[in-house]
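I have placed the structure first, in the form of structure tokens, so that the comments after it can refer back to it.
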Amino acid sequence: MFAARRWLGGLALLAAASPTWASADTSAGSAAYTVYAAGDIARCKHPDPRWSGAAATAHLVESLLRADPQSAVLSLGDHTYPRGTAAEFRDCYGPTWGRFRARTWPTPGNHEYATAGARPYFDYFGTRAGSAERPYYSLRLGSWQVISLDSNLKGAAHAAQIAWLRTELQRQPAACTLAFWHHPLYSSGGHPPPGRMRDAFALLHQAGAELVLSGHDHDYERFAPQDANGRIDRQRGLRQFVVGTGGAYATPFIFFAPNSEVREASYDGVLALRLLDGAYEWRFLPADPGKVPAAARLDHGRSSCH
């Protein structure tokens, strides 16, 4: 089980910057499971991956994983830049986030598909990425259902994904559900949201899911619980996080989208989510606490499942 004192005891570099979890949840029967999430990771133009932004976030994640064996990584797409080639996975992603590939559950971004069929991505992650023919999958982490979808699909391929999602939500109902894909439905960043995952968002909302994680915009943003049409729904809405802070490079916010509650684009970091029985807690952790402005408040919170 995960104890807050063990987390902090193994992470002295974060002690001054990170709040403790709201509760220890070390009681017998607790199914607490922690995931660390970010996308937009390895920029291969950097002359040495050992000193890149991806290396900094990888060092943080590796330390966290070492401290807690009951944890995993969700990678939110755009693992390498600019084209998702086999050489990029080998030379840029491999030396950084590749160190914990065996504990990573991925979803593809648009840069993976800059190489035909995103073949190097599927070759690199193997069965953990689903398959090129069906690049979506689900798993259980603790008591939670976790679903990876491909936001790059269009036409018949996307329709097949939506049909699968509908069946999966009915076949494996869970008290708490998290989904992740690359392109956010809502964002204040520089990429206009494509909107094509609105149907997936609507299905998840109807099923009572809790969370959607995305990347694409190179920033951190948390939204209030919403439905698929951008309306606040405090009772059953999905809380969406954009976590494009895996190390590639930062991009600015262009405007403030409705229902955006927290925004940060000045440093790299990862989202830590503690998945509990009937609840979840979140913290945004900086890769380098020294780069956090003195007056900044690191985002964290807790909510119950529907």
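The values are calculated or read from the model by the stated rules, or taken from the named source; none is laboratory data. Owing to the predicted nature of the structure, the values given are computational and were not obtained by experimental measurement. Neighbour counts are summed over all protein chains in view; Cβ atoms, including those assigned to glycine, are modelled from backbone coordinates with ideal geometry. Protein only, heavy atoms only, side chains kept; ligands, DNA and RNA dropped before computing areas. Shrake-Rupley method; radii C 1.70, N 1.55, O 1.52, S 1.80 Å.
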Quiz item: Out of the stretch 241-258, which residues are within 14 Å of Pro193 (Cα to Cα) and open to solvent by 30 Å² or more (accessible area, probe 1.4 Å)?
Solution: Phe253, Ile254, Phe255, Phe256, Pro258
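For (1) buried (at least 22 other Cβ atoms within 10 Å of the Cβ); (2) closer than 26 Å to Gln145 by Cα; (3) of a type outside the set (Val, Ile, Thr), each residue gets a yes or a no:
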| site | (1), (2), (3) |
| --- | --- |
| Tyr220 | yes, yes, yes |
| Ser260 | no, yes, yes |
| Tyr267 | no, no, yes |
| Asp277 | no, yes, yes |
| Trp282 | no, yes, yes |
| Asp288 | no, no, yes |
Practice problem: Give the residue, chosen from Ser187, Ser151, that is within 22 Å of Arg83 (Cα to Cα) and either at pLDDT 95 or above or basic (Lys, Arg) (or both). | Solution: Ser151
Self-check item: Failed condition for Arg297, given (1) on the phi < 0 side of the Ramachandran plot; (2) buried (at least 18 other Cβ atoms within 10 Å of the Cβ)
Solution: (2)
Quiz item: Could you say which residue among Pro184, Pro194 is in contact with a Ser or Thr (Cβ under 9 Å, 6 or more places away or on another chain), free of Cβ contacts under 8 Å to residues at least 60 places away in the same chain and surrounded by 23 or more Cβ atoms within 10 Å (Cβ to Cβ)?
Solution: Pro184
Quiz item: Say we look at the stretch 55-93 and pick out the residues that are touching a Lys or Arg at 6+ places or on another chain (Cβ under 7 Å) and part of a helix (DSSP H, G or I); which of these is modelled with the lowest pLDDT?
Solution: Ala67
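Yes or no, residue by residue, for (1) at positive phi; (2) open to solvent by less than 40 Å² (accessible area, probe 1.4 Å); (3) free of Cβ contacts under 8 Å to residues at least 24 places away in the same chain:
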residue	(1), (2), (3)
His79	no, yes, no
Ala86	no, no, no
Pro108	no, yes, no
Pro120	no, yes, no
Asp123	no, no, no
Glu133	no, no, yes
Lys154	no, no, no
Leu169	no, yes, no
Ala174	no, yes, no
Quiz item: Quick one: would you say Thr115 is under 17 Å from Leu213 (Cα atoms) and touching a helix residue (DSSP H, G or I) at 6+ places or on another chain (Cβ under 9 Å)?
Solution: no
Self-check item: Tally, over the stretch 206-217, of residues that are closer than 20 Å to Leu74 by Cβ and open to solvent by 10 Å² or more (accessible area, probe 1.4 Å)
Solution: 2
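Which residues, taken from the stretch 167-203, are in a helix (DSSP H, G or I) and within 28 Å of Asp268 (Cβ to Cβ)?
If the condition is that a residue be in a helix (DSSP H, G or I) and within 28 Å of Asp268 (Cβ to Cβ), then Ala200, Phe201 are the ones that fit.
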Quiz item: If we scan the stretch 136-151, do we find a residue that is more than 25 Å from Tyr33 (Cβ to Cβ), open to solvent by 30 Å² or more (accessible area, probe 1.4 Å) and more than 16 Å from the chain's Cα centre (by Cα)?
Solution: no
